[in-house]
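A.B. asks: The structure follows.
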């Protein structure tokens, strides 16, 4: 009788061990793929707080984005040295060449700064309405970027990566926390009436996350298409068709559990059916009293301001109805004339910003006031972002400022944020982050912390790596937390 133990050589044993280890690794990868597919399909995916690692201080996010690189030293960070040395060369950088070429002398801000709030925060006199909120805002004055180009800069601030193909912050939050409403999207992006920001839809893309986590775009000036039922189709026929379609889809999906894009499309169709009732209501402002319309500036003779005001009101109505993440844009991509459609004031800063700041100021401040009055600010985190800053000097031969990725300002307010604080600072001229230089990864680490998420643990396996919003970096800035 054969004894298998006597025939089991050392070489055969080692070969089987190697095969066994390969199987263990393969089963891990297949298991991860199955989890990813299940998340995409909504199988085993628990909405709202399913991934929270600590107690959250906020449960929804409003991110306001001003594309074009809004100037920190003309809005948020007062630099008296610009006034003192106006017209003189920047010390140590007399021949500095930036994005569009050589820089001229130092240029003071065209507008005075005024102390605001109990904190005495100095803020541009062109932002009188926003000045009413400085005691609730935590300013990050030492921000730095990895790029000085608008498209990659916008994508970098929105996704934590300067190249396209990565999930936006809103997509990460959608994946981690899920939906709070079953008849509205989890994540909504609201483009400006002037158009999409640089690099367009990459700013709110789901990247490699399942397709269900990309933003739905809507705006007050651009209602969602194809929501209305055709006149020739009756209600009974519509309902029976939906039930039959659901039966076919569910049977189809059971045979193809790995098709995440298919699952997401099915989910999107089901959401669209529910939105036929909810979306028209959320974008109908007739129920809002006149004083709310006036508060936001919707009655303004400035058509751009009135349009942005309507988008601000839409943002509040979405947030209060359970949308988890709203991405609101004020301005759009660059045009043939710098600074015409966004904050990219290369040649005529004064004229450009006297066009943009009135559009931004009252409606944004009204949105913050409205959130406070309704009690929504207690568990809403508000972010103000832009892709980088501007130079303290004139662009050579102009009265505008060139790009500056080495120092700029972002801010946040709302649930969990210590208002009336300033973290970090640029140097005396606003040229470089000098005190507590801060990366977008640290900024988002803090955002995730406020939402109850550990930036190290929120990840998605993709192309052999556990990817994160904060890449391989991160640090929670506790100085701005309550």
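Values in this text are rule-based calculations from the coordinates and carry no lab data. Given the structure is predicted, the values throughout are model-derived calculations rather than measurements. Cβ sites come from the backbone with ideal geometry, for glycine too, and all protein chains shown count toward neighbours.
A.B. asks: Using only Cα atoms, figure out Rg for region 133-178 and give it as a multiple of 2.2 N^0.38 Å.
C.D. replies: Scaled against compact globular proteins, the figure is 1.43.
A.B. asks: Compute the normalised compactness of region 346-457: alpha-carbon radius of gyration over 2.2 N^0.38 Å, N being the residue count.
C.D. replies: With N residues counted in region 346-457, Rg over 2.2 N^0.38 Å equals 1.27.
A.B. asks: Taking Cα pairs under 8 Å and at least six residues apart, what relative contact order does region 286-427 come out at, in percent? Let's see the in-between values first.
C.D. replies: Details: 171 pairs, mean separation 28.2, N = 142.
Reported relative contact order: 20 percent.
A.B. asks: With each pseudo-label sitting 7 Å past Cα toward Cβ, what's the residue 146-residue 112 distance in nm, one decimal?
C.D. replies: 4.3 nm
A.B. asks: Quote the FRET efficiency, to the nearest 0.05, computed for residue 418 versus residue 374 with a Förster distance R0 of 22 Å and r equal to the Cβ-Cβ distance.
C.D. replies: It comes to 0.50.
A.B. asks: Okay, next question. Give the distance, in whole Å, between the Cα centre of region 325-344 and the Cα centre of region 449-474.
C.D. replies: One Cα centre to the other: 29 Å.
A.B. asks: Mind checking the full-extension length gain between residue 290 and residue 53? Use 0.36 nm per residue of separation minus the Cα-Cα distance, one decimal, nm.
C.D. replies: Going from the current span to full extension adds 81.0 nm.
A.B. asks: Subtracting the Cα-Cα distance from 0.36 nm times the residue separation, let me have the gained length for residue 244 to residue 461 in nm, one decimal.
C.D. replies: Using 0.36 nm per residue and subtracting the Cα-Cα distance, I get 74.6 nm.
A.B. asks: Further question on the same structure: FRET efficiency for residue 472 and residue 281, Cβ-Cβ distance as r, R0 = 30 Å, nearest 0.05? Please report the intermediate quantities before stating the final value.
C.D. replies: Numbers: r = 44 Å, r/R0 = 1.46.
About 0.10, to the nearest 0.05.
A.B. asks: A further question follows. What FRET efficiency do you get for residue 201 and residue 125 if R0 is 35 Å and r is their Cβ-Cβ distance, rounded to the nearest 0.05? Kindly include the intermediate steps, with their values, before the conclusion.
C.D. replies: On the way: r = 36 Å, r/R0 = 1.04.
E between residue 201 and residue 125, to the nearest 0.05, is 0.45.
A.B. asks: May I pose another question? Run the numbers on region 46-120 and let me know its relative contact order in percent, using alpha-carbon pairs under 8 Å that are six or more apart.
C.D. replies: Rounded, it is 26 percent for region 46-120.
A.B. asks: Taking only the alpha carbons of region 422-482, what extent do you get along each of the three principal axes, in Å, biggest first?
C.D. replies: Computed over region 422-482, the largest-to-smallest principal extents equal 44, 29, 10 Å.
A.B. asks: Spin-label point model (7 Å from Cα, Cβ direction): what's the residue 434 to residue 81 distance in nm?
C.D. replies: Roughly 0.4 nm, to one decimal.
A.B. asks: Which whole-number percent gives the relative contact order of region 377-482, counting Cα pairs below 8 Å spaced six or more residues apart?
C.D. replies: 23 percent
A.B. asks: In nm, to one decimal, how far is the modelled label at residue 102 from the one at residue 163, with both set 7 Å along Cα→Cβ?
C.D. replies: 3.6 nm
A.B. asks: Cα atoms only, region 156-200: Rg and Dmax in Å?
C.D. replies: 12.4, 33
A.B. asks: Once the piece of chain linking residue 94 and residue 354 is laid out straight, how much longer is it, given 0.36 nm per residue of separation minus the C-alpha distance between them?
C.D. replies: The residue 94-residue 354 span can extend by a further 90.7 nm.
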